[in-house]
Amino acid sequence: MNNCNNDEQILQMIEQNKRACCRPCFGPTGATGPTGPQGPATITVGTTTTGEAGTAASVTNSGTTENAVLDFVIPAGATGPIGPTGPTGATGPTGATGPTGATGPTGETGPTGPTGETGPTGATPTIQIGDVVQGTPDTAAAASITGAAPNFYLNLTIPQGATGAQGEEGEPGEDGETPTIQIGNVETGEAGTNAAASITGTAPNFYLNLTIPRGATGGS
């Protein structure tokens, strides 16, 4: 049998059928197939994880056949190109003052300023000798100034000198004159006052002056 002739005959028959039928031709309906397996009673979404860019997406059931829990792994998209620079935002509030920094180096000395006006004439100070104290031997002399302007006092502490060697015995002095004391003025003082005595005159003649108070008046 020639296969080539059969093929041509088949093609001719198909072409004739196409011309004879205005619409597709269908055969009789077949018998109903068997029931498929029971699907899940519930389906909920579990976790959604972002995977690495370029990896495949995946879905796994972490639940049961009846109660499915679908966990998704969705790969991250590739990084897009850098967008244009956005407009400048509004100025934010001023922050808190920071700590004081270290002191910088001292700058150069500036030029000398102009001479100021002459001040008023001050009072002329006076210095007088204040306290003069004798210090103990072999101590240092000292001086201090006390008081307030314009009156000051110079206070001195002068140490006592060391005891010198005993000098030679001097010649005997002339015999002195024997003094005489005579009664001078005697006055009566007021009753109740104190008695008093004084000596006047020059050597060798002296006078003893007395004031004797009057006695109290006696009773009648």
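Read the figures in this text as sums done on the coordinates, not as results from a lab. In this text, all values refer to a predicted model and were calculated from it rather than measured experimentally. When we count neighbours, we look across all protein chains shown, and the Cβ atoms used for this are built from the backbone with ideal geometry, even at glycine.
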From a point 7 Å beyond the Cα of A41 in the direction of its Cβ, which residues of the stretch 61-80 have a backbone N at a distance under 12 Å? 64-68
On full extension of the chain, what length is gained from A31 through F206, given 0.36 nm per residue of separation minus the C-alpha to C-alpha distance? 44.7 nm
Report relative contact order for the stretch 103-171 in percent, whole number only (criteria: Cα-Cα under 8 Å, sequence separation at least 6). 29 percent
Which FRET efficiency value, to the nearest 0.05, is calculated for T139 and T178 with the Förster distance at 41 angstrom and r the Cβ-Cβ distance? 0.30
Helix-derived mean residue ellipticity, 222 nm - over the chain, DSSP H n ≥ 4, -39500 (n - 2.57), to 500: -3000 deg cm²/dmol
What percentage of all Cα-Cα pairs in the stretch 80-144 are separated by more than 14 Å? 86 percent
Running a GNM on the chain with Cα contacts under 10 Å, which residue among G135, G116, G184 ends up with the highest mean-square fluctuation? G184
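For the chain, which semi-axes, largest first and in whole Å, follow from the square roots of 5 times the eigenvalues of its Cα gyration tensor?
Taking √(5λ) for each Cα gyration eigenvalue gives 154, 35, 25 Å.
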For V132 and A165, what does the FRET efficiency come to when R0 = 41 Å and r is the distance between their Cβ atoms, rounded to the nearest 0.05? 0.95
With axes computed from alpha carbons, what is the tilt in degrees of helix 3-20 against the longest principal axis of the chain, rounded to the nearest 10 within 0 to 90? 80 degrees
